[in-house]
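S.K.: Take this structure, written in C-alpha cells, and hold onto it; I'll ask about it next.
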Amino acid sequence: MNVTVVGTGDMGRALVRALAPHHRVRWTGRSVDVTEGRLEELGLRGRVEAAELASALDADVVVLALWHRHAREFAREYAEVLAGKVVVDIANPFTEDFEDFFLPYDTSAAEELQKLLPGSVVVGAFKNTFVAVFDTPQFEEGASDVLVTCDDVHARTLVSALLAPLPFRVLDAGLLRNNRVIERMTLLSREVGRRHGFTRRLSYRLLGASRSDR
C-alpha cells in the first residue's frame with residue numbers, strides 16, 4: 001500500500017519508522033532536506049522516499065502527523081488535491097498549555113477535519129497513542145490499542161489493514177463522532193498519568209474476555 005506521512009515532528013518520525021517495514025512510504029514536510037536528514041537519523045534513507053509535498057500527496061492513504069491547528073490549515077490549502085483520498089487524522093485539539101481542548105464537546109478534531117475535506121474520507125487513528133508508546137507498545141496487559149474510526153466502513157477496513165502489521169492491537173472503533181470520547185479520554189489519560197508518574201509512556205487497552213474465556 002502506498003502511504004504518505006505529512007509532518008516531520010516526533011509523531012511523524014514514529015509513524016514512518018513503524019510503517020516503513022511493511023509499506024511503500026513517502027515522507028514530506030516543509031523541506032526535503034530536513035526530511036532527508038530525519039531519514040538519515042532513523043537509518044531509513046533509501047527505504048523511505050523524502051518527497052516534495054506536491055508529489056507526495058499522490059498516495060492511497062495520506063497520514064497527517066500535524067497539530068490540529070496545522071492540519072486545519074493544511075486541509076484548507078490542499079482540499080482539492082486530497083479529494084478522493086483517505087486521510088488519516090491523528091491529532092487532538094489541545095490548548096497551548098495541554099490542559100484542555102479548544103473545541104466544544106459536541107465535535108472532535110476528526111469531524112472538523114472532515115468538514116474541511118468534503119471530497120476526502122477522514123479516518124481517525126492513533127489519537128490515544130502518545131509518541132513514547134511507539135518504542136515499546138507492549139505492556140504487561142498486552143499491546144496498546146489503536147482505535148480506528150470512520151463513517152465509511154471500507155476506509156475504516158482499509159486503514160485497519162494498513163496498521164495490522166504494526167505491534168499494536170488495532171480495533172474498529174466505529175463512527176468518526178466517537179472521537180469526541182477518544183480525544184477527551186486521551187486528555188484524561190495524560191492528566192491521570194501525570195499524577196501517577198507515567199506521563200510519557202502511557203496508553204490504554206480495552207480489557208475484556210470473550211464468551212469462550214468465561
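S.K.: Relative to the compact globular guide of 2.2 N^0.38 Å, what is the alpha carbon radius of gyration of the chain, as a ratio? Walk me through the numbers on the way to the answer.
M.R.: Numbers: Rg = 16.7 Å, N = 214, 2.2 N^0.38 = 16.9 Å.
Normalised Cα radius of gyration, the chain: 0.99.
S.K.: Continuing with the same structure: Pick from Pro21, Pro167, Pro104: which residue has the top mean-square fluctuation in a GNM of the chain where Cα pairs under 10 Å get a spring?
M.R.: It is Pro104.
S.K.: Among Lys115, Lys85, Lys127, which one shows the highest mean-square fluctuation when the chain is modelled as a Gaussian network with alpha-carbon springs under 10 Å?
M.R.: Per the Cα network of the chain with a 10 Å cutoff, Lys115 tops the list.
S.K.: What percent antiparallel are the DSSP beta bridges of the chain, to the nearest 5? Walk me through the intermediate numbers first.
M.R.: On the way: 4 of 28 bridges.
Percent antiparallel among DSSP bridges in the chain is about 15.
S.K.: Pairs of Cα atoms under 8 Å, at least six residues apart: use those to get the relative contact order of the chain, whole percent.
M.R.: Details: 377 pairs, mean separation 36.1, N = 214.
In percent, rounded to a whole number, it is 17.
S.K.: For the chain, modelled as a Gaussian network with Cα springs under 10 Å, which listed residue fluctuates most, Gly46, Gly193, Gly29?
M.R.: Highest fluctuation among the options: Gly46.
S.K.: How tilted is helix 179-196 with respect to the longest principal axis of the chain? Cα atoms for both, answer in degrees (0 to 90, nearest 10).
M.R.: For helix 179-196, the angle is close to 70 degrees.
S.K.: Given the Cα-Cα distance of Asn2 and Asp33 and 0.36 nm per residue of separation, how much length would full extension add, in nm? It would help to have the intermediate numbers written out before the result.
M.R.: Numbers: separation 31, 0.36 × 31 = 11.16 nm, distance 2.17 nm.
Result for the pair: 9.0 nm of gain on full extension.
S.K.: So what's the angle, to the nearest 10 degrees on a 0 to 90 scale, between helix 68-82 and the longest Cα principal axis of the chain?
M.R.: Its long axis makes an angle of about 50 degrees.
S.K.: Once Lys and Arg get +1 and Asp and Glu get -1 on their Cβ, which of Val123, Leu147, Leu188 lies farthest toward the positive end of the dipole of region 119-214?
M.R.: Farthest towards the positive pole: Leu188.
S.K.: How big is the charge dipole of region 1-80 about its Cα centre, in debye rounded to the nearest 20, if each Lys and Arg gets +1 on its Cβ and each Asp and Glu gets -1 on its Cβ? Walk me through the numbers before you get to the answer.
M.R.: Working: 11 positive and 12 negative charges, 53 e Å.
Computed about the Cα centre, the dipole is about 260 debye.
S.K.: Sort 61-68, 31-38 for me by packing, meaning the mean count of neighbouring Cβ atoms within 10 Å per residue, highest on top.
M.R.: Values: 61-68: 23.4, 31-38: 15.8.
Highest to lowest by the protection proxy: 61-68, 31-38.
S.K.: Taking R0 as 25 Å, what FRET efficiency do you get between Glu140 and Ala164 from their Cβ-Cβ distance, rounded to the nearest 0.05?
M.R.: Numbers: r = 23 Å, r/R0 = 0.91.
Between Glu140 and Ala164 the formula returns 0.65.
Any read-out appearing in this document is the output of simple, stated calculations on the displayed coordinates, not a laboratory observation. Model, not experiment: these values are computed from the prediction. Reconstructed Cβ throughout: ideal geometry from the backbone, glycine too, with neighbour counts over all protein chains shown.
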